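Contents: one structure, followed by commentary.
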Amino acid sequence: ELPYDVVEQVNINIKYDGYIVRQIKQVEHYKKLENKKIAEDFDYDEVPSLRIEARQKLKLYRPLSIGQASRISGVSPADISVLLVYMEQMKYHKGNIK
């Protein structure tokens, strides 16, 4: 027979294992994005669907990475997603225009 606190801890681990694994994956994903570079001359006016407030703040502070951009007040996670999608599209288009 195991002590109650050990049984309780095992039950908690089983119950929340999926959430913990998902959170760990999300943290790893954000660590990769943290250092994703943004060109110094990046034109935020060209990014469709970027909110006006986010566009203004990004143009004002000119972050050098997605991590820096994500910490700017007024730039939401949705704005970061829009920015990432746009950057990937531009990377794809530049790779295919040769």
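The values are calculated or read from the model by the stated rules, or taken from the named source; none is laboratory data. Source: prediction; values computed, not measured. We place every Cβ from the backbone using ideal geometry, glycine too, and count neighbours over all the protein chains shown.
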Worksheet item: Among the candidates 54, 69, which residue alone is among the small types (Gly, Ala, Ser), surrounded by 17 or more Cβ atoms within 10 Å (Cβ to Cβ) and more than 19 Å from residue 29 (Cα to Cα)?
Response: 54
Discussion item. Based on this model, can you work out whether residue 12 counts as under 19 Å from the mean Cα position of the chain (by Cα) and either at negative phi or modelled with pLDDT of 95 or more (or both)?
Written reply: no
Response to the item:
Within segment 18-46, of all residues that are at pLDDT below 95, part of a helix (DSSP H, G or I) and of a type in the set (Asp, Glu), the one farthest from the chain's Cα centre (by Cα) is 28
Worksheet item: Restricting to segment 47-57, what's the tally of residues that are assigned to a helix (DSSP H, G or I) and either touching a residue at least 24 places away in the same chain (Cβ under 8 Å) or within 15 Å of the chain's Cα centre (by Cα) (or both)?
Response: 1
Practice prompt. Please enumerate the residues belonging to segment 13-46 that are aliphatic (A, V, I, L, M) and touching a residue at least 40 places away in the same chain (Cβ under 8 Å).
Written response: 33, 38
Discussion item. Looking at segment 7-42 only, could you name the residues that are surrounded by 11 or more Cβ atoms within 10 Å (Cβ to Cβ) and aromatic (Phe, Trp, Tyr)?
Written reply: 16, 30, 42
Fill in: Given (1) exposed (fewer than 14 other Cβ atoms within 10 Å of the Cβ); (2) of a type outside the set (A, V, I, L, M); (3) closer than 22 Å to residue 26 by Cα, index of the condition residue 45 fails
(3)
